Amino acid sequence: MKFINYLKTIQDVSIYPMISLILFSVFFLAAAWIAFKSDKKTMDAISHYPIDNDAPEK
């Protein structure tokens, strides 16, 4: 049996792609909102974290 046949047997399966799209859109818009509204100095400091050699090693 092909996979598409399993999907046809699930009741209201057509709602799952819409829920996924809504969740992705909300997450993307929230990330964009945080990126654009955050302080530029904070973002500059965060961008140097991976290459900052002054951080203590564990």
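Rounded to the nearest 10 degrees, the angle from helix 15-37 to the longest Cα principal axis of the chain is 10 degrees. Within the chain, the ratio Rg/Rh, alpha carbon atoms throughout and Rh by Kirkwood, equals 1.35. Dipole orientation for the chain: of the candidates Y49, S25, N5, N5 has the Cα lying most toward the positive pole (charges on Cβ; Lys, Arg +1; Asp, Glu -1).
Every read-out reported here was derived from the displayed coordinates using simple, explicitly stated rules and does not represent laboratory data. Being a predicted model, the structure only gives us computed values, none of them experimental. Positions of Cβ are backbone-derived with ideal geometry, glycine not excepted, and every protein chain shown enters the neighbour counts.
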